[in-house]
Amino acid sequence: MFALFAGLQGGKYFLHNRMQELGIALALMLYVQGAYLSAFRMEAFDWWKWVVGAPGFCLFVMITWSAIFSLKAGVAITPSIFASREFMLLLLAPVIFFLHIIGMSISRLVGAIMAAASLTLVSYLFFYFYLDLEAAYFSTDAFTHHLVTYDESRGFRLKPPTYSMIIVFLSGFFTIFGRGSTVVKSVAIVALIITCYIWSLVMLRAVAAGLLVSVLLYVIVCRKQSQAGLAIVATPLVILLIGAGTGIAMDIFVSAHGAEVRLASFKLALDEFSKNWLLGWGQSSGYTKTYQDLFGPKFFPSDLGIIGILFKYGLVGGLTYVSACFSLFFISVRTHWRLQKCFGVSLPLIQALVVFTTLMTLNMILWPGLAYGQGLTMASVIIGLSACIKRFTMVLESEVIEEKSDSILGVVA
């Protein structure tokens, strides 16, 4: 749970987010221990797939794009490798699966995930009222400065753990309108009140609008497997929504505080992408040279949406990101339908993940958050938890088939 809390940025408001380092270390320890213990309970091919998959992808990304930046900027590669360490949060995917293999139930895994997400919201509320937001915004320390955002209409706002807000809100919503005891629904109502209060503090209007559209798409297209045919019909509509949403968001962006600076950054990033279109500029480091040292003090690729991804990782990284968005969406939808087929109902967290991946797919142009710490953690949760549910339901289905076979043989005998 602590590793998830750190991955969801629950500790970023103090000690320069050093808690993330502890979370990565815990994820690595759990990965090693889980890989060892699960080796005695899994088939060799499946075990190797989980042991090699996530670390292999992490190392590929960390080393490849660190080497690219090292060559282009003429600096050492090691600091850039450490600067891209948040990709190691993907180790949480095999960790979740290994924990289930060695005996942790799905209900306990879901409870740990929800507890971690809820704790990040508690942490946010504490520091929202504890920190001097205006002083933090004007701080000379770059990390502290970027914890706070400002515009004339909403004032100073501490940046929230957005993904935790979304997951807790949606899980609470689906719990209230689903099956569950009075106690469970009461807890869900409290969670909804807390997330709505935080939303009123930060006023994430674009996220709220995207969330509403994603919920509607879930109800129309994804709620039941019998609606799967509508997905084909809805595909052009989704493309139009992505285009329309991007256009509206760009209009808001152009009229927002500091828009001139970002427009200049967009132009610079696109110009650099045209020169380095295949693999981009790579991963910078604060210990050698930063993007700000090379391209100006107000140039931050993470604020530039998919253009920032193309600038850092090139066309290869951009296509990988887009593919990942759609893959995570289909994984979550299949898991949701699998639960409905086996039990008649789904888990509120899985329903929330379907809506979440829909939102991230719709907003992939302007909000490619799955490429950063919180998003990598959520991707790990989706992959790991979905694999656990798939294994659990397959075991149940095989037991049912075996029981039916035994009963038929008994009748014949």
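The values are calculated or read from the model by the stated rules, or taken from the named source; none is laboratory data. Given the structure is predicted, the values throughout are model-derived calculations rather than measurements. Here the Cβ positions follow ideal geometry from the backbone for every residue, glycine too, while neighbour counts run over all protein chains shown. Calculation scope for accessible area: heavy atoms of the full protein, side chains included, ligands and nucleic acids excluded. Shrake-Rupley method; radii C 1.70, N 1.55, O 1.52, S 1.80 Å.
Taking Lys and Arg as +1 and Asp and Glu as -1, the other residues whose beta-carbon sits under 14 Å from that of Gly103 total +3. Listed by chain and number, the lysines whose alpha-carbon sits under 22 Å from that of Lys12, ignoring those within fewer than 8 places in the same chain, are Lys159, Lys298. Averaged over residues, the count of other Cβ atoms within 10 Å places the peptides 213-224, 327-338, 344-355, 87-98 in the sequence 87-98, 344-355, 327-338, 213-224, highest first. Ordered by 1.4 Å accessible area with all protein chains kept, Leu147, Leu30 run largest first as Leu30, Leu147. Calculated [222 nm] ellipticity per residue, helices only, for the chain: -24500 deg cm²/dmol; basis is -39500 (n - 2.57) per DSSP H run with n ≥ 4, divided by all residues, nearest 500. The largest accessible area among Glu152, Glu86, Glu397 belongs to the first residue in Glu152, Glu397, Glu86, and the rest follow in falling order (1.4 Å probe, all chains). Shape class for the range 27-173, computed from the alpha carbon gyration tensor (a ≥ b ≥ c): oblate, with a/c not under 1.5 and a/b at or below b/c. Take the Cα of Arg179, step 7 Å toward its Cβ, do the same at Cys196, and the gap between the two points is 2.7 nm.
Taken per residue, the accessible surface of the chain reaches 49 Å², heavy atoms only and a 1.4 Å probe. Counting only protein heavy atoms and using a 1.4 Å probe, the accessible area of Thr175 comes to about 20 Å². Taking all protein chains together and rolling a 1.4 Å probe, Met114 ends up with roughly 40 Å² accessible. Seen from a random direction on average, the alpha-carbon convex hull of the chain projects onto 22.8 square nanometres. Pop the C-beta distance of Leu28 and Tyr372 into the FRET formula with R0 = 25 Å and round what comes out to the nearest 0.05. E between Leu28 and Tyr372, to the nearest 0.05, is 0.85.
Under a Cβ-Cβ cut-off of 14 Å, what is the net charge of the residues other than Ser80 that fall near it, where Lys and Arg count +1 and Asp and Glu count -1? Summing Lys and Arg as +1 and Asp and Glu as -1 gives +2. If the chain linking Val122 and Thr78 were pulled fully straight, counting 0.36 nm for each residue of separation and taking away their Cα-Cα distance, it would gain 12.3 nm. Taking a straight line from the alpha carbon of Lys49, these lysines sit under 20 Å away, with near neighbours fewer than eight places off in the same chain left out: Lys390. Positive-end ranking of Pro297, Val354, Asn276 along the dipole of the range 276-368, with charges on Cβ about the Cα centre, is headed by Val354. Taking label positions 7 Å along the Cα-Cβ direction at both Leu278 and Arg154, the computed distance is 4.1 nm, reported to one decimal. Taking amide H as placed 1.01 Å from N in the peptide plane, the amide H of Val148 sits under 5 Å from that of Lys159, each at least 5 places away or on another chain.
Relative to the longest principal axis of the Cα atoms of the chain, the long axis of helix 92-101 lies at roughly 20 degrees. Helix 228-255 axis versus longest C-alpha principal axis of the chain: approximately 20°, rounded to the nearest ten.
Let me make sure I get this right: for the range 271-386, a, b and c are the square roots of the gyration tensor eigenvalues over alpha carbons, sorted descending. Under 1.5 in a/c it's rounded, otherwise prolate if a/b > b/c, else oblate. Which is it? Prolate shape, in that a/c is at least 1.5 and a/b is the bigger ratio. Accessible area per residue (1.4 Å probe, heavy atoms of protein chains only) ranks His146, His100 as His146, His100, with the largest value leading.
Taking label points 7 Å from Cα along the Cα-to-Cβ direction, Thr320 and Arg334 give a separation of 2.1 nm.
Using only the alpha-carbon atoms, how far is helix 106-130 inclined from the longest principal axis of the chain? Give it as 0 to 90 degrees, nearest 10. Tilt relative to the chain: about 30 degrees. With an a/c value of 1.5 or above and a/b not larger than b/c for the gyration tensor axes a ≥ b ≥ c computed over the alpha-carbon atoms, the range 58-123 is described as oblate.
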